[in-house]
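Following: one structure in structure tokens, then a few remarks.
The values are calculated or read from the model by the stated rules, or taken from the named source; none is laboratory data. Keep in mind that this is a model prediction, so the values were computed, not measured. All Cβ positions, glycine included, derive from the backbone under ideal geometry; neighbour counts span all protein chains shown.
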Amino acid sequence: MPDFLKIFKSVGSFVGEESYLGVDIGTTSIKIAEITKGGEWPKLVNYGILESYGHLERINSAIQTSSLKMAEKETGALLKALVKKLKIGTKNAVASIPTFSAFITTLETPAMSEVDTTKAMQYQIQQYVPLPIEEVAIEWIKVGERDDERGGKKQQILLILIPKEHLQRYQNVFKMAGLNLKFLEIESFSLARALIGDNAQTALIADIGALYTNLAVVSNGFLKYNVQTDFSGNTLTRAIASGLNINTRRAEEIKKQTGISGGEGERELSTLAYPSLDAIIGEITRTKNIYGKNYNGAVEKVILAGGGANMPGIGNYFGERIGLPTEIANPFTRINYPPDIEPLLKELGPLMSVAIGLALK
């Protein structure tokens, strides 16, 4: 079993209220958010984080990787332990699927009726399915329209393909944990719900995880464009470890404590992370430009989520380099929460965004 450091937190219990459980199983952690209908705003009643550091030394110690591997028995046992520790009030759960477990692309076709679009997509899908069609779960959503250079109408379709084998792994994990898995969705949708909602503003969400960074452009409540890069939090950690000739566990601690906002004596330490950060910024800029070219629109702001967003100084650095307003993810603006967790919100926001977005579904 991977080398896990367990972090359990609870914000209280409730009686007689229907609750919704969002479960974010990432590459190196499991996050849970339990939310009830709390009057005008949904209310957070429970949350928990279980985080692994084993991946810092051994990539195979990750909970799941981009090779679509998931340690089912271990993950099921860990999820079950976390649910038991938190005394969760519901068995019904909604879970996220990382984008590396799916194929996501945006297609353009001439604007047509819904019936004709359905017929056209049956042909289009055949060109993108790398597996036998019966082995893949398929979803497509119309996300926008634009005028092409000749004045014709084009419609944009977001196509999502997920191997059914991977969906079954999730079913197995939740069954082992004693939970009823009611729904699965791509994590980018959960992030959009938690951080943007129905805001008409066009935002690029950069979810900087341990092993990869996901970039999602959301406009008018729709996920329009989604890509990912291998530059990640682990890339930053290894750069610091190599530059200081220390082990990766110590480098991870330094990254979280010092980041790139250290004082004069820590300037050399801070600059070790710049090349990796600049690589992520380069991917954000490239994604922003592609969106501007293909969607006749402009990204108006950047939101940093994931554990990497908690690196001190990262928000200001990204904002200056990208040239756009840049903020750290804060899903708590859309829910009620107990006052006693107020001091933790800044740290929890980037970590809990997906789980909260799932519970809000």
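Only one entry in 96, 101 is closer than 26 Å to residue 361 by Cα, within 20 Å of the chain's Cα centre (by Cα) and at pLDDT below 90, namely 101.
Residues that are farther than 28 Å from residue 27 by Cβ and touching a Ser or Thr at 6+ places or on another chain (Cβ under 9 Å) within region 90-110 comprise just one, 109.
Tell me yes or no: at least one residue of region 339-349 is in a helix (DSSP H, G or I), more than 18 Å from the chain's Cα centre (by Cα) and either within 22 Å of residue 26 (Cβ to Cβ) or at pLDDT 95 or above (or both). Yes - at least one qualifying residue is present in region 339-349. Going through region 124-152 one residue at a time, which ones are among the small types (Gly, Ala, Ser) and either part of a helix (DSSP H, G or I) or within 30 Å of residue 76 (Cβ to Cβ) (or both)? Within region 124-152, just 137 meets the criteria. Counting only strands (runs of 3 or more DSSP E) that sit wholly inside region 153-245, those with at least 1 residues that are free of Cβ contacts under 8 Å to residues at least 60 places away in the same chain and surrounded by fewer than 24 Cβ atoms within 10 Å (Cβ to Cβ) are 153-163, 222-229.
Total residues in region 284-330 satisfying the condition of being assigned to a loop (DSSP other than H, G, I, E, B), touching a residue at least 12 places away in the same chain (Cβ under 8 Å) and farther than 22 Å from residue 210 by Cα: the figure is 7.
Applying the condition of being more than 22 Å from residue 110 (Cβ to Cβ) and surrounded by fewer than 18 Cβ atoms within 10 Å (Cβ to Cβ) to region 135-152 and asking which residue is farthest from the chain's Cα centre (by Cα) yields 135. Going through (1) surrounded by 14 or more Cβ atoms within 10 Å (Cβ to Cβ); (2) assigned to a loop (DSSP other than H, G, I, E, B) one by one, residue 96 falls short only on (2).
When each of 78, 44 is tested for being modelled with pLDDT of 50 or more, within 23 Å of residue 347 (Cβ to Cβ), of a type outside the set (Phe, Trp, Tyr) and assigned to a helix (DSSP H, G or I), the lone residue that passes is 78.
Going by the conditions given, is residue 306 on the phi < 0 side of the Ramachandran plot, under 16 Å from the mean Cα position of the chain (by Cα) and crowded, with 23+ Cβ neighbours inside 10 Å? No: the conditions fail for residue 306. Summed over region 99-116, the residues that are in a loop (DSSP other than H, G, I, E, B) and among the hydrophobic types (A, V, I, L, M, F, W, C) give a count of 3.
Does region 250-273 contain at least one residue that is in a loop (DSSP other than H, G, I, E, B), touching a residue at least 60 places away in the same chain (Cβ under 8 Å) and within 30 Å of residue 34 (Cβ to Cβ)? No, there is no match, as no residue in region 250-273 is in a loop (DSSP other than H, G, I, E, B), touching a residue at least 60 places away in the same chain (Cβ under 8 Å) and within 30 Å of residue 34 (Cβ to Cβ). Somewhere in region 299-315, is a residue among the acidic types (Asp, Glu), at pLDDT 90 or above and out of contact with any Leu (no Cβ under 9 Å at 6 or more places or on another chain)? Among the residues of region 299-315, not one is among the acidic types (Asp, Glu), at pLDDT 90 or above and out of contact with any Leu (no Cβ under 9 Å at 6 or more places or on another chain), which makes the answer no. Among the residues of region 252-279, those that are over 18 Å from residue 241 (Cβ atoms) and either at pLDDT 80 or above or among the charged types (D, E, K, R) (or both) comprise 264, 267, 278.
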